[in-house]
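The values are calculated or read from the model by the stated rules, or taken from the named source; none is laboratory data. Computed from a predicted structure; not experimentally measured. Neighbour counts are summed over all protein chains in view; Cβ atoms, including those assigned to glycine, are modelled from backbone coordinates with ideal geometry.
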């Protein structure tokens with residue numbers, strides 16, 4: 001679907017200054033812009049080793065309650081205005097209690113479990129940069145029917161290898177990826193923005209691919225969102 005108003009700024013001409021455009025759709029026909037204006041917006045940011053939090057800061061300043069999950073912070077929870085930092089790591093499964101008991105400083109949970117723990121029934125925006133764990137996390141959100149609770153999805157996907165715990169030959173992997181994207185479509189998620197990171201290697205499933213990229217950013221909106 002087309003989106004007339006996005007928070008993506010014009011990219012500079014020099015490659016050195018390009019930053020990944022985390023894009024949300026702010027069209028009046030969608031609910032996000034209205035929830036931001038009334039300070040009812042909630043954003044979850046999932047990431048691994050990403051120090052750039054400009055998108056989260058901008059969304060917090062624009063009226064969103066932002067929760068960023070970072071397993072490297074020292075305290076369990078830190079609040080800075082509308083921006084929360086949580087010492088939590090997102091996975092596609094909850095940890096084995098016997099193993100988790102031996103590691104008190106790492107807390108890994110499924111997204112649905114965290115939402116229940118926080119008492120959050122809806123997320124207006126879910127942004128994820130999980131360094132190839134995104135495919136299994138997306139599968140978990142679909143299988144456990146968490147995606148209807150999300151208004152917009154902004155995912156960085158990686159295609160240079162199958163991803164964590166994704167196995168099979170190339171055809172099997174592509175069919176697996178396609179099935180997840182198709183399930184989103186069947187749940188009334190519409191793609192409104194794509195971005196190919198030309199600074200990343202031109203690799204698809206460990207093979208060089210001309211004019212491709214190993215990394216894309218995809219943004220969807222839930223057309224059923226209210």
When residue 147 is run through (1) modelled with pLDDT of 95 or more; (2) touching a helix residue (DSSP H, G or I) at 6+ places or on another chain (Cβ under 7 Å); (3) surrounded by fewer than 14 Cβ atoms within 10 Å (Cβ to Cβ), the failure sits at (3)
Can you tell me which residue among 199, 217 is surrounded by 16 or more Cβ atoms within 10 Å (Cβ to Cβ), closer than 18 Å to residue 21 by Cα and either at pLDDT below 95 or touching a strand residue (DSSP E or B) at 6+ places or on another chain (Cβ under 9 Å) (or both)?
217
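Can you pull out the residues in the range 69-85 that are under 27 Å from residue 166 (Cβ atoms) and either in a loop (DSSP other than H, G, I, E, B) or without any contact (Cβ under 8 Å) to a residue 24 or more places away in the chain (or both)?
Step one: list which residues in the range 69-85 are under 27 Å from residue 166 (Cβ atoms), which gives 69-72.
Hits for the range 69-85 are 70, 71, 72.
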Show the residue pairs that are 6+ apart or on different chains and have beta-carbon atoms under 6 Å apart, the first residue being within the range 160-182 and in contact (Cβ under 8 Å) with a residue 60 or more places away in the chain and on the phi < 0 side of the Ramachandran plot, the second being surrounded by 12 or more Cβ atoms within 10 Å (Cβ to Cβ) and part of a loop (DSSP other than H, G, I, E, B).
none
Restricting to the range 45-70, and then to whatever is over 17 Å from residue 115 (Cα atoms) and touching a strand residue (DSSP E or B) at 6+ places or on another chain (Cβ under 6 Å), can you tell me which residue is modelled with the lowest pLDDT?
50
Every residue in the range 108-119 that is over 20 Å from residue 73 (Cα atoms) and more than 17 Å from the chain's Cα centre (by Cα), please.
116, 119
Among the residues in the range 48-57, are any under 17 Å from residue 126 (Cβ atoms), touching a residue at least 24 places away in the same chain (Cβ under 8 Å) and touching a helix residue (DSSP H, G or I) at 6+ places or on another chain (Cβ under 9 Å)?
no
For residue 186, only one of the following conditions fails: (1) surrounded by 16 or more Cβ atoms within 10 Å (Cβ to Cβ); (2) under 20 Å from residue 138 (Cα atoms). What is its number?
(1)
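More than 17 Å from residue 46 (Cα to Cα) and in contact with a helix residue (DSSP H, G or I) (Cβ under 9 Å, 6 or more places away or on another chain), is that true of residue 112? Steps first, answer last, please.
Numbers: more than 17 Å from residue 46 (Cα to Cα): no; in contact with a helix residue (DSSP H, G or I) (Cβ under 9 Å, 6 or more places away or on another chain): yes.
Judged against the criteria, residue 112 is not a match.
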For the range 124-144, give me the residue count where each residue is more than 13 Å from residue 180 (Cα to Cα) and buried (at least 22 other Cβ atoms within 10 Å of the Cβ).
7
Can you tell me how many residues within the range 113-155 are closer than 20 Å to residue 64 by Cβ and touching a strand residue (DSSP E or B) at 6+ places or on another chain (Cβ under 6 Å)?
13
Which of (1) at pLDDT below 90; (2) farther than 28 Å from residue 196 by Cβ; (3) out of contact with any strand residue (DSSP E or B) (no Cβ under 6 Å at 6 or more places or on another chain) does residue 39 not meet, given it meets every other one?
(1)
